[in-house]
Amino acid sequence: MTIKDAPEEWEIRGTSTPFTGAKTSVRTDEVVMPDGSVATRDYQVHPGSVAVLAVDAEDRVLVIRQYRHPVRQKLWEIPAGLLDVPGENPLHAARRELYEEAHVKAEDWRVLTDLYTTPGGCDEAVRIFLARDLSEAEGERFAAEHEETDLELARVPVAELVRGVLAGELHNNCLVVGVLALLAARQGDGLDAL
């Protein structure tokens, strides 16, 4: 048996959008269940995003520390951001985010993994890229605003991040999934197979 997620769409009897924000909205659907009953499901509609696991020549990952208001914590994360334009190429968005958040560019890009952040309450899909052969970007630094004005940058050894993930000290989903996917890829067919 092959274990693989599969697309499926249940009948929707009605839908409304009770909230529309600057980047996301909330949708309420009346979904027909397998027994014929109808259940109301509320979820966040999200444009999608990208994240970048940038690994340098010394096997360190570029991480940022940023305040995240919904969880009231400063989290260590990998560079990430929204797909700003409908249909935007995820690789272009990933390159932009690495430049904007870390002023770094990479020569080698590979898709590491794809995930849904919280599929029970949000339709956000994230593509996590592996970026290697890093160097400082040329030109002026991106002008940060809001939470980004307080970003901290660090380069942390992969082994230290794995330890922190497994110790329950690091919680950002893209960092957790990205670091563990890197470890699995190295132990599997290797990074060139990505």
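Values for this structure:
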{"read-out": "Helix-derived mean residue ellipticity, 222 nm - over the chain, DSSP H n ≥ 4, -39500 (n - 2.57), to 500", "value": "-6000 deg cm²/dmol"}
{"read-out": "Straight-distance crosslink candidates among aspartates and glutamates, where the alpha carbon sits under 14 Å from K4 and sequence neighbours closer than 8 are dropped", "value": "D114"}
{"read-out": "Share of carbon and sulfur in the accessible heavy-atom surface of the stretch 65-194 [1.4 Å probe, %]", "value": "51 percent"}
{"read-out": "Accessible surface, per residue, of the stretch 1-103 when the full set of protein chains is kept, probe 1.4 Å, Å²", "value": "63 Å²"}
{"read-out": "Under-5 Å amide H pairs with G48, H placed in peptide plane, nonlocal only", "value": "L83, A125"}
{"read-out": "Three principal axis lengths of the stretch 42-194 [C-alpha, angstrom, descending]", "value": "41, 38, 31"}
{"read-out": "The stretch 11-50 - percent of accessible surface contributed by carbon and sulfur, probe 1.4 Å", "value": "50 percent"}
{"read-out": "Estimated vicinal HN-Hα couplings, Hz - the stretch 113-122 in sequence order (Karplus 6.51, -1.76, 1.60; Gly, Pro = x)", "value": "6, 10, 8, 9, 5, 8, x, x, x, 7"}
{"read-out": "Gaussian network model of the chain, springs between alpha carbon atoms under 10 Å - residue of T113, T15, T24 with greatest fluctuation", "value": "T15"}
{"read-out": "Integer Hz, Karplus 6.51/-1.76/1.60 couplings in order for the stretch 85-96, x for Gly and Pro", "value": "10, x, x, 4, 5, x, 5, 4, 5, 5, 4, 4"}
{"read-out": "Nearby aspartates and glutamates by direct alpha-carbon distance to K105 (threshold 17 angstrom, same-chain neighbours under 8 apart not counted)", "value": "D56, E58, D59, E97, D133, E136, E138, E140"}
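The values are calculated or read from the model by the stated rules, or taken from the named source; none is laboratory data. Only a predicted model underlies this, so the values are computations on that prediction, with no experimental measurement involved. Surface areas here come from the heavy atoms of the whole protein model, side chains and all, with no ligands, DNA or RNA. Shrake-Rupley method; radii C 1.70, N 1.55, O 1.52, S 1.80 Å.
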